[in-house]
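The values are calculated or read from the model by the stated rules, or taken from the named source; none is laboratory data. Computed from a predicted model, the values in this text were never measured in an experiment. All Cβ positions, glycine included, derive from the backbone under ideal geometry; neighbour counts span all protein chains shown. Calculation scope for accessible area: heavy atoms of the full protein, side chains included, ligands and nucleic acids excluded. Shrake-Rupley method; radii C 1.70, N 1.55, O 1.52, S 1.80 Å.
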Amino acid sequence: MSEENSKNTVEPDENEQEEVLGKAYDARLMKRLIRYLKPYTKWVVLAIALTVGVALLSTVRPYLTKIAIDDYIVNKDAQGLKNIILVLLGTLILQGLLQYTMTYLTQWIGQKTIFDLRMELFRHIQKFSMKFFDKNPVGRLVTRLTNDIEVLNEMFSSGIVMVFADVFIIGGILFFMFSLSWQLTLIALSVVFPLIYATVIFRKKVRIAFRDVRFYLAKMNSFLQEHISGILVVKIFNKEKRTLNDFKKINYDHTKANKKSVFYYSVFFPVVELIGALSGALIIWYGGGEAVQGALTIGILISFIQYSEMFFRPIRDLSEKYNIMQTAMASSERIFRLLDRQPVINDPLKPAELGDCRGNIEFRNVWFAYVKEDYVLRDISFKINQGEKVAFVGATGAGKSSIMNLLCRFYDTQKGEIAIDGINIKDLKQNELRRNIGLVVQDIFLFSDSIANNISLNNNDISPEKIREAASIIGINNFIDKLPLGYGQNVKERGVTLSQGERQLITFARALAYDPKILILDEATSSVDTHSEILIQKAIDKLMDGRTSIIIAHRLSTIQKCDKIIVMHKGEIRETGTHQQLLEYGGIYSKLYQLQYKESFA
Amino acid sequence: MIHLRRLVPYLKRYRKKLGIGLIVISLSAIFTNLIPFIISKAIDQIKNHTEGTSLLNYALMTVGFALLSGVFLYLTRQMIIVVSREIENDLRNDFFGHILTQDQQYFHFHPTGDVMALATNDISAVRNFLGPGIMYTAETLINFTMAISLMLSFNAELTMIAIIPIPLISYVVYRIGKSINYKFERVQEQFSDLTTKVQENLSGIKVVKAYVREDSETEGFRKMSMDYMKKNLELAKVQSFSYPIMFLLTGFSVIIVLYMGGNKIIEGTLTIGQLTAFIIYLGLLTWPIISLGWIINLTQRAEASMKRLVEVFDSNPAIVDPDILEVDKESLAGAKDPIKGEIEFRNVNFRYHPNYPYVLKNINIRLKAGETIGVIGHTGSGKSTFVNLISRLFDVDEGEIMVDGKNVKNYRISQLRTSIGYVPQETFLFSESIENNIAYAEENFDKEKVIEAAKISQIYKDVENFPRRFDTVLGERGINLSGGQKQRTSIARAIASDPKILILDDAFSAVDTYTEEEILRGLKGIMKDRTTILISHRISTLKNSDRIIVLKDGVIAESGTHEALVQKEGIYADIYFKQLLEDELKDLE
């Protein structure tokens, strides 16, 4: 599957709308999941071995109790009793140790595996081009990397191995019971079938009941969400009372659904106890009769009572695992689907070398559309020589930003080509291309990190001195030094609010610190205070100094400093020239000039 | 427990059910505890080969007691757990009801997410305490009393030995539970940090790519994932410990009982049947012992949640109906008359918070009933605040606002607000049918009115094209309207409320100029006898108003008719000129 197959708008994600639960076991998915356990093979083997040990130790104790009673207590052998008690204590302590190691080890394997998978997915997502991010909402990708992975964690750490554990325990119990008395085993365990039956019915009913609960809970939550965020409308139309009444109805639906699940639990627990008691009764009735006749010992009877109690827990657990596996399959399906998707913009097999980039740019008959056939750039050709400064102007939607997106190869052109220093950018590695370009976008993006890291973007090649130098050239050094934590100040911390202008200057310092050959600058339109405005004007000069610069200009002062102005209108280049030439020409530019660049109030 | 005491009135409401619940849970526990007693009798009889009650009878008694215990257990859950659900329901209703009375100011400082968390998580925590908390406390107490007294009747010394570890186990469970909670919270925190990191990386992917930072981003993410893994393993350490430690402790008691009991049997002071009963009782007591530690945790969590809820219940809105005693008789009498729509601002100054700058400064203006006024100005110039003060979404600090010559604070809020039709700047529709949205203001609406309002706001044709027409449901589970369609529906809603004062706050921003003109033409007919305030960025919306005011930095900078303002060559004229140019550019091919 490739990115291209996707439709133009946001892709629907069928799995997220309703809780569609499918199979609890899918061999294909399972095989692929198991592959992630491979690096930890020996630990997995150890965990399974421990599981067997735990199962053996926990099931041997009633057997030892039987020996204690039959061989020592009944025979009044105090020394023998002491010995067997010591053995019992030994198995108990050993089981505790093994159980602890096993539980922790399983968690550890689960966490490691999940960590690997999460990293693989994250790395994979980083490779996609912008087109992919246009179509996949951030929220959905976040869900893949967090919640879906978390579900798998549950499967790895408490699902798979615990299934083994339960099966081994059941096996151990059966082994000891049969070796003591196969007839009594069959009779005592005849109640297992009603138990399994009751459990299956209960799971089914409860699953449906919980689905209703979730449905009404979601409904209640969205009602709350909607009416709290729309509280203004509720108040202004004086609808508090009606809103409350509507809420009460939904709330009560939710309560009713919950009561239903309470009902199933109220029935299920007594039924399980009753079945357990039935098993005990059978042991007393049949086993007791046998014992009276001397066919069974009293110890066997008592150990059977213990075994039949032990038997029920793993059976109930197993049915719980079914649900875990089911959700895990659904999540892994979604994760693998994303992993199977390949990025469309890839590096060439034999990349050309840009070497020491000079910064000559050329667009040759470029056509481009975000959505098929809906061209936002039509037959664009221009040349920018190294060191030249070019301003792009035009109304919103004229195609200015698309030119920048293409130059950075965030998207690929449909027709025509783009060259840097005469080399087609498709022949270059993306990293090499972008390393030579400094991009400052209009919607300022700062990470919730320190100012220093926002300038260097955690690039170790950029030393603290260089960060400071960039900031002082841009003119925000003094401002940063005055902050409580200076360059270490987190930009999104409560209490520290940077103004729009200051935030923009930080992104300027970022571009400067990277010292690119080509500068792409999308000037912010939002107005800033006069002080920042002056700083920004100066900073732009410094940024452009000695670089090939492409600027989407909103400020007259910026335009006037450029060597050339390219006027775009509806995806085409309509006018090219200097400020004076274009004003005299009296076309689109002269109109835009009056509209946007002439002094205005504000 | 101070805050949990606030639940007493709720509990009282269900005292009958709770009472029955406590009785049946005792009965259930009694029968459960009788079963080992029966088994001990049976085993002794088998051992001694004595004649007596037949084994079948013992077996039947076991089943019979289990059945009775089961029925009472069923009733217990149906009483106590159901009551906890009912109280949860009541509490949530009261909570939301109280939230609805809060001022706009409250929502300014309490994001929707926070309020939601209170309504869901915190109330759930309280319910958890009420249901399982009450049920298991009662069960534990009764089980202890029953089991211990029966055990005592067999052998006092052995009972003492058997119950010595109990407080220790409860304490261990409590400590482990507490530690798990703490570590679990750390895991949750790290999880939300991780989520934030992913969110940020993806939102800023363009910057990441432009600066070739994929690798360092991956490294940052790796560190956080690693941290998350470590915190999970910290939690796993405690969690893995909890199960073994519990069965170790309970297993110890069983083994000690077996040893001491075995010796007593050898001495002849105890029977095998009694020993078996002891072992079964210890099994029965395991769960109550464990639940004791667990209940303490539940209670602590519920107390913390209740504290947060009580804070909300104790915060009262400042904007309320006038106190009848304080309003003089004259204005109270007048307040009953229908509002005509005359509005006056007298020296109004307003700011959202004492620490914030003024948003409106010295506003003086009088709108005659039936007048149409246009308001223009930049973002942040105070336009929306200006209209929000009329409907008392906020109260003025200085100066006063009069409607029909009476201070707005002297009207009942409902009377004031039902007289105002409002199209907010941010269109907000409910995920209900289009009809319900338009008729939002009316309980029993007239379909004709809905259609008429839809026609005036130019949404009628769109609606007619939907398969389910006015029954079309909006939002997540229904159809998604375009921005313009939403705005027109919002306008229809205001018109359908048949107000004396109509406020349109930037109501045409997503509507094209042609449709805007159509709507304005339609509105003209109904605006005649209504006071209308039109806020807009676009001259085209305002130019036909009786009067236009230009707000700048919270001050009325210019005021007059369109023609007068254009001639004045001030701010208004500048905006007008630019918009003409913009139109010209748009028409360019």
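Residues checked against (1) farther than 30 Å from A:G475 by Cβ; (2) not assigned by TED's automatic domain parsing to the domain that holds A:L592:
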site: A:L354; (1), (2): yes, yes
site: A:R378; (1), (2): yes, no
site: A:I403; (1), (2): no, no
site: A:K415; (1), (2): yes, no
site: A:E432; (1), (2): yes, no
site: A:N460; (1), (2): no, no
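Residues in segment B:17-73 that are within 8 Å of another protein chain (Cβ to nearest Cβ) and open to solvent by 60 Å² or more (accessible area, probe 1.4 Å): B:K47, B:H49, B:L56, B:L60, B:L67, B:V71.
Cβ separations smaller than 6 Å between residues 6+ apart or across chains give the following pairs from segment A:246-272 residues that are more than 13 Å from B:I81 (Cα to Cα) and facing chain B (nearest Cβ under 7 Å) to residues that are small (G, A, S) and buried (at least 20 other Cβ atoms within 10 Å of the Cβ): A:P270/B:G70. Exactly one residue out of B:F154, B:F184, B:F191 is surrounded by 14 or more Cβ atoms within 10 Å (Cβ to Cβ), under 30 Å from the mean Cα position of the chain (by Cα) and away from every other protein chain (no Cβ under 11 Å), and it is B:F184.
Kindly indicate whether any position in segment B:75-95 is facing chain A (nearest Cβ under 9 Å), open to solvent by less than 20 Å² (accessible area, probe 1.4 Å), at pLDDT below 90 and not in a helix (DSSP H, G or I). Among the residues of segment B:75-95, not one is facing chain A (nearest Cβ under 9 Å), open to solvent by less than 20 Å² (accessible area, probe 1.4 Å), at pLDDT below 90 and not in a helix (DSSP H, G or I), which makes the answer no.
Conditions (1) outside any helix (DSSP H, G or I); (2) modelled with pLDDT under 85; (3) open to solvent by 40 Å² or more (accessible area, probe 1.4 Å); (4) charged (D, E, K, R), marked per residue:
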position: B:K209; (1), (2), (3), (4): no, yes, no, yes
position: B:E219; (1), (2), (3), (4): no, no, yes, yes
position: B:R222; (1), (2), (3), (4): no, no, yes, yes
position: B:D227; (1), (2), (3), (4): no, no, yes, yes
position: B:N232; (1), (2), (3), (4): no, no, no, no
position: B:V238; (1), (2), (3), (4): no, no, no, no
position: B:I245; (1), (2), (3), (4): no, yes, no, no
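Please state which of the following conditions A:W108 fails to meet, knowing it meets all the rest: (1) farther than 25 Å from A:I324 by Cβ; (2) at the interface with another protein chain (Cβ under 8 Å from one of its Cβ atoms); (3) open to solvent by 50 Å² or more (accessible area, probe 1.4 Å). Result: A:W108 fails condition (1) only. Test A:V192 against the criterion of being open to solvent by less than 20 Å² (accessible area, probe 1.4 Å) and of a type outside the set (K, R), and give yes or no. Yes: the conditions hold for A:V192.
A:D212 meets all of the listed conditions (1) at the interface with chain B (Cβ under 7 Å from one of its Cβ atoms); (2) open to solvent by 40 Å² or more (accessible area, probe 1.4 Å) but one, namely (1). Quick check on segment B:574-589: of everything there that is open to solvent by 70 Å² or more (accessible area, probe 1.4 Å) and either of a type in the set (S, T, N, Q) or within 10 Å of chain A (Cβ to nearest Cβ) (or both), which residue is farthest from the chain's Cα centre (by Cα)? Ranking the qualifying residues of segment B:574-589, first place goes to B:E589. Just one of the listed residues (B:I272, B:I255, B:I265) is within 7 Å of chain A (Cβ to nearest Cβ), hydrophobic (A, V, I, L, M, F, W, C) and under 54 Å from the mean Cα position of the chain (by Cα), namely B:I255. Residues that are within 27 Å of B:Y514 (Cβ to Cβ), in contact (Cβ under 8 Å) with a residue 12 or more places away in the chain and among the charged types (D, E, K, R) are absent from segment B:411-432. For A:R468, the criteria (1) assigned to a loop (DSSP other than H, G, I, E, B); (2) without any contact (Cβ under 8 Å) to a residue 24 or more places away in the chain hold in every case but one, which is (1). Within this structure, B:T196 fails the test of being within 30 Å of A:F508 (Cα to Cα), of a type in the set (S, T, N, Q), within 13 Å of chain A (Cβ to nearest Cβ) and in contact with a Lys or Arg (Cβ under 9 Å, 6 or more places away or on another chain).
Being crowded, with 16+ Cβ neighbours inside 10 Å and at pLDDT below 90 holds for only one residue in A:L117, A:L92, A:L33, and it is A:L33.
Those helices (runs of 4 or more DSSP H) of segment A:174-261 in which at least 1 residues are in contact with a His (Cβ under 9 Å, 6 or more places away or on another chain) and under 30 Å from B:Y106 (Cβ atoms), considering only elements entirely within it, cover A:192-229, A:231-236. Kindly establish whether A:F237 is touching a strand residue (DSSP E or B) at 6+ places or on another chain (Cβ under 8 Å), at the interface with chain B (Cβ under 10 Å from one of its Cβ atoms) and not small (G, A, S). So A:F237 fits the description; yes.
Inspect segment A:294-306 for any residue being open to solvent by 20 Å² or more (accessible area, probe 1.4 Å) and either charged (D, E, K, R) or part of a helix (DSSP H, G or I) (or both) and give the result as yes or no. Yes: one or more hits.
So that you can scan it fast, the table gives a plain yes or no per residue for (1) open to solvent by 40 Å² or more (accessible area, probe 1.4 Å); (2) within 35 Å of the chain's Cα centre (by Cα); (3) free of Cβ contacts under 8 Å to residues at least 12 places away in the same chain:
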position: A:I196; (1), (2), (3): yes, no, no
position: A:Y216; (1), (2), (3): yes, yes, no
position: A:F223; (1), (2), (3): no, yes, no
position: A:I228; (1), (2), (3): no, yes, yes
position: A:I231; (1), (2), (3): no, yes, yes
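The number of residues in segment A:501-544 that are assigned to a loop (DSSP other than H, G, I, E, B) and either at positive phi or modelled with pLDDT under 85 (or both) comes to 8. You will find that of B:L481, B:L542, B:L523, the residue that is assigned by TED's automatic domain parsing to the domain that holds B:S431 and buried (at least 16 other Cβ atoms within 10 Å of the Cβ) is B:L481 and no other.
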